[in-house]
Structure formats: structure tokens, C-alpha cells
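Everything below concerns the one structure shown next.
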Amino acid sequence: MRLTQGQFSFLPELTDAEIKLQVAYALNNGWAVAIEYTDDPHPRNYYWSMWGNPMFDIRDPAGIMLELAACRKAHGDKYIKILAFDSQKGWESIRLFFIVNRPKDEPGFALERGEGIGRRTQYALRSYAGNQPPGRRY
Amino acid sequence: MTKPVDAKITNMKERYASGVLKYRQMGYYEPDYQPKDTDVLAVFRLTPQEGVDPEEAAAAVAGESSTATWTVVWTDRLTDSEYYRAKAYRVEPVPGTPGQWFAYIAYDIDLFEEGSIANLTASIIGNVFGFKPLKALRLEDMRIPAHYLKTFQGPATGIVVERERMNVYGRPLLGATMKPKLGLSGRNYGRVVYEALTGGLDFTKDDENINSQPFMHWRDRYLYCMEGVNKAAAETGEIKGTYLNVTAATMEDMYERAEFARDLGSVIVMIDLVIGYTAIQSMAKWARKNDMILHLHRAGHSTYTRQKNHGVSFRVIAKWMRMAGVDHIHAGTVVGKLEGDPNVIRGIYDTCREGFVPRNLQHGLFFDQPWASLKKLMPVASGGIHAGQMHQLLTYLGEDVVLQFGGGTIGHPMGIQAGAQANRVALECMVKARNEGRDIWKEGPQILAEAAKWCQPLRAALDTWKDVTFDYASTDSVDYVPTPTPA
């Protein structure tokens, strides 16, 4: 399967030049760009590992791209995403989110069905890779 | 000009002599009145009967929507009637439309019960709309003061929290209404939900008239839909939702359905506008209490929003619904099959989404409207839209919107999943191009054609619907045209 979280997962993988344009868009909007990675891509895993804090003070896309290269070097076998945080009142949340790195093999999720009364099913998603301990999943 | 003979009578003995006075004489027209920051303001479009002058008509509207009755009553004198009387404070002709006037009326905040749309509307659109001296009457816009707004819950979830829950940022959300609207069995219905969500949509949706009919009872629908939702989540790694319509005959039935949806793990439920303002507010409270997104389908609104001379403008309905506390509202597409002038739609979208909406007559907004930190209401664009219009939709409607392609997903020649994929690819490539600084209004068709080279479903969608437009004149447009400014 292909994990399709994020803004651009239905497109061909973005090149570094294309990623840089999106980063520039975020910075031009005054947002802070962040890099996060994980080997637990469950859709409700809201807290991926942070590659440092959001980069509030890096206003040059080239600087972000250097950080991305370093993150890829350390975690190239995992999912990596770029996020942008907007601190403006009324938002104070994420405004941009796309995946920039993914494992070679994406085994996906099992859907577990707990059968209850009255045909009610309690569903649970379990990532196949998640059976392994962190660091040995992909 | 006010004729002296009809001016407000200040001699109390004369004012309260039994009999009939003009509404102006009773004090409902006060051209010198300065609205207070705490006043509720309304602007009506008046079409008086022949021989009724506009100031008297405006005064009558102010009177009939506040304290007045047709004749003088002495019991007014037991109250601070001056204070409770609504005041028509400005009357001006509608540009280019003889026989119609805009009347601005101020209501003291104490005329209304806190947190009650039912009470607000019982005055503002109550008896007054049937008043004989008027041929027609339309409520065009309202200014709700922050003081009164703060007595309302506002959207149960709001755009920001909805996005955090759905884990979708930086692009419009995608949805589709299940078709055919009526007749599918629960099992077949769930199939359409599953295919559309797995193909790439975030949401699927019950239609407004899907409740619990002989061909599909509600429990059966919910159970099969949640199977589709969860299967699609497993196959994509995304959070998916389906708007389970809980509209029913009684509040007890609606709560029962909503609780069942919650217990099955649904992230969203839906209601129809026809359930009424009080029921909507009840469901909004329930949704806030149960961490549920609340979708509102505006079934019925066109009976009173569409004609310019009589009824209630949809921008007012949108305002009331943001106060009432729904999270989604159908708010027009501009390019689709349903009514929608671009300027009117812009005004409605701003009303839903902004923290402060400035007066803008070209967008049909007559007042500055502060929103006092009430959450943002997500507009939904639905009805006759397709992937080939993606650049227009993104330009007109922006990013914080649910784009719903029902026929445009389910009617795809390669199947439902392919239809969903075409929509998602069209959306993502257009957002990407916009962020890159490309002029999507001009280059849109080319951007779509480029993506269609590697995405066969998008190619098929563009070929199938390339000539489909709904190019009819709007019946509800704005009255103020831009005045060219000298360079």
C-alpha cells in the first residue's frame, strides 16, 4: 500500500526543487517549518518524532533543505514529513503537511474486527510493520 | 424627508390617546439615532404597497419586529417603551431598482434571550413578513454584536480542530454524496462509501432525504458505512469519515441515532436545516459534548433565500448557523448546478470563515461583523462540480472548504475509486501549483492536462465532463457594483 496522508501523496514524489518551493511558500506566509519522522504511520499517531523544534528562526528555504538532508541521512528508512505551523490568532495550528520520504516497502495496516452484540463491530487498525519494535520496523 | 405631520409625537397625552397612529408617529423611525455597539442591527429590503412611503414602511417593520401592535396601547406606559422600541435609523433606495428600499433597523440587545436563535428569529422574521402594507420584505444582513455572540456556543468543532482530528491540512477536504440518493440497500450503500473513500476522498455523505426508509433503515446503513470507513482507513492510512444523517422526526430519535453513530466510531454526523433552529442548537451542544463534527445540509433554504425581493438572504442563515454551532454548511459553489453569484458566495464564505468580516457592499455585506472568537464554520461546496473545474474552485473558494463531487466521483467511467482518485489528483496538483506561485486561474486547464498524462482516471474525468457548465444568470446577486477608482 501507499500511505496517502498529507497534501501531495497522490502525486509523484516531489523533487528537492519542488519541496523547496513549498517550503518557500510556507516561509513567505510567516509560518514556521518543522520536520518530523516516524516508523509508526498509524493515522492517529499525531506525534511523530521531531527533528528538532519547529525552525522558527530559519527563514531561508535552503536552510530547511539542509535539515531535511540531515534527517534523511539519519532516518532515510522511515516516513519523514514537512509541516508548517501558523501562530496567527484563530489558527495556531498546522497549515501545510506533506510526506517527503517513505520506506521502500510499505506493508500497510491490518483491519481488526472485534465482534460485539447487535452486529456492532469494534474496529482497530494495526500496522503490519508495527509488530516489530521501534527501529526495526522497515 | 420626514413630513412634520408624521413626525414622532413627543407630547405623551397626545401619543397615548386611544386610536391608530402611524408607526413613525409612535417613534419607530428615528433618523438621528446612533446605533450602540451592543445593538443588534438588521437591514431589510422593503417593497412597500402603492402609496406607502418608505419611511413609514421602515418604521412599521421596526415596530412589528419589536414592540408594536396596530393600535396604541396604554400598557406601553408601564414600560420603558422608548428603550424597547426598535428604531429604523436609515432608509435608502436600492440602487437601480425603483420601488425598493433598504431599511436599517437597530434593536436593543435586551430584546433577545441569550443563546437562542429561535428567540432572535421570532422577532426579526416573525409576524413582520406577512405585514399587509408591504408587498415584499427581505432580510438582507444583520450585525450581531460581540456581546450577544458570546452567549452562543458557536461551531462545536470548528475548522482548525476538524483539520487536527482529520489530520488534513493545507488543502480543501474532499467529499461525495452517495448516489442514487434513495433506494440503495445498506449493504450496497456501504460499498459506494468504501469505494469512494479508498479511492482518495476524506468524506462521504448521506443525502438530505436519507433517513430511515423501507429500503434502508438507519442502523443498517450506519453499520455498513462504518465497515466502509474503516476498511478505507486501513487501505490508505488516512482518517476517513462519512456524514451519517441523524435527521429524524423527534429529538429523542435524533439523539438515539447520533449516539449509535458515536458508539460505532464515526467522526461526524449530519442534520438537515429543516429540523429547525432549536433542534440544530441541541445537536450542536450534543456534538460539542461528544467530540463529533456536525454537518448541516441546508435542505429547504432555497424556498426563502433565492428570490431577491422576499425572504431571508443566505448570508444571514450562515451567520445564524455559525452562532447555532454547526461545523459544516453548504454555502455554494459558484460554478456548479445550484444558485451562486461569485460576489454573494464570497460574502457567505467570509461570514463562515473569518474572525472579522468588514462591511463590503460588493459582497452583499452591509455591516462590519466581529466574530468574537467563535470558531470557524467550514463551508461545503456541493452540486454539479467536477475535477475539470479545480482551478476555478480553488480560486473562488480557497482552501478551507469541503469540495463534494457526488456525480463527479460515482459517475466516473472507470468506476468510483477512479473517480475519487481523479478528484484527489486534480486537487493536489492544483494546490501544489498554487503554492509554487503559478497563476492557476490561467494555467489551470494546462496543469490538469499535465497531471492527466500520468493519471488515466483524471484524463477520463476531464474527457467525460469537459463541456459541462451551468451558465445561468443568478437570481440572487448584489445591488452594489464596483465604482471604478481613478488611477
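For beta carbons closer than 6 Å, sequence separation of 6+ or different chains, a first residue in region A:95-124 that is within 8 Å of chain B (Cβ to nearest Cβ) and at positive phi and a second that is at pLDDT below 95 and open to solvent by 30 Å² or more (accessible area, probe 1.4 Å), the qualifying pairs are A:108/A:1. The residues of region B:239-258 that are surrounded by fewer than 22 Cβ atoms within 10 Å (Cβ to Cβ) and outside any helix (DSSP H, G or I), listed by number, are B:239, B:248, B:249, B:250.
In region A:80-94 there is at least one residue that is of a type in the set (Ser, Thr, Tyr) and at the interface with another protein chain (Cβ under 10 Å from one of its Cβ atoms). Within region A:1-33, the set of residues being among the hydrophobic types (A, V, I, L, M, F, W, C) and away from chain B (no Cβ under 12 Å) comprises A:32, A:33. Taking residue B:262 as the residue in question, decide whether it is outside any helix (DSSP H, G or I), within 14 Å of chain A (Cβ to nearest Cβ) and out of contact with any Phe, Trp or Tyr (no Cβ under 8 Å at 6 or more places or on another chain). The answer is no for residue B:262.
Give the residue that is farthest from residue B:85 (Cα to Cα), with candidates limited to residues of region B:22-57 that are basic (Lys, Arg) and at pLDDT 95 or above.
Selected residue: B:45.
Among the residues making up region B:430-445, a single one is open to solvent by 10 Å² or more (accessible area, probe 1.4 Å) and either in contact with a Pro (Cβ under 9 Å, 6 or more places away or on another chain) or under 14 Å from residue B:462 (Cα atoms) (or both): B:445. Just one of (1) touching a residue at least 40 places away in the same chain (Cβ under 8 Å); (2) over 37 Å from the mean Cα position of the chain (by Cα) fails for residue B:25. It is (1).
With respect to (1) assigned to a helix (DSSP H, G or I); (2) closer than 24 Å to residue B:368 by Cα, the lone exception for residue B:25 is condition (2). Test residue A:53 against the stated conditions and say whether it is among the polar types (S, T, N, Q), within 14 Å of chain B (Cβ to nearest Cβ) and outside any helix (DSSP H, G or I). No, not satisfied. Among the residues of region B:405-415, those identified as assigned to a helix (DSSP H, G or I) and surrounded by fewer than 24 Cβ atoms within 10 Å (Cβ to Cβ) are B:407, B:410.
Taken over region B:181-198, the criterion of being over 12 Å from residue B:417 (Cα atoms), open to solvent by less than 70 Å² (accessible area, probe 1.4 Å) and not aromatic (Phe, Trp, Tyr) is satisfied by B:183, B:184, B:185, B:186, B:190.
Among the residues making up region B:446-468, those that are within 14 Å of chain A (Cβ to nearest Cβ) and open to solvent by 30 Å² or more (accessible area, probe 1.4 Å) are B:450, B:453, B:454, B:456. Would you confirm whether or not region B:211-226 contains a residue that is under 22 Å from residue A:122 (Cα atoms), open to solvent by less than 10 Å² (accessible area, probe 1.4 Å), within 11 Å of another protein chain (Cβ to nearest Cβ) and within 29 Å of the chain's Cα centre (by Cα)? Yes; the residues of region B:211-226 include at least one that is under 22 Å from residue A:122 (Cα atoms), open to solvent by less than 10 Å² (accessible area, probe 1.4 Å), within 11 Å of another protein chain (Cβ to nearest Cβ) and within 29 Å of the chain's Cα centre (by Cα).
The values are calculated or read from the model by the stated rules, or taken from the named source; none is laboratory data. Bear in mind the structure is a predicted one, so any value in this text is a computation, not a measurement. Don't worry about glycine lacking a Cβ; one is built from the backbone with ideal geometry, like all the others, and counts go over all protein chains shown. The protein model used for the area step is the full one, side chains on, heavy atoms only, and it has no ligands, DNA or RNA in it. Shrake-Rupley method; radii C 1.70, N 1.55, O 1.52, S 1.80 Å.
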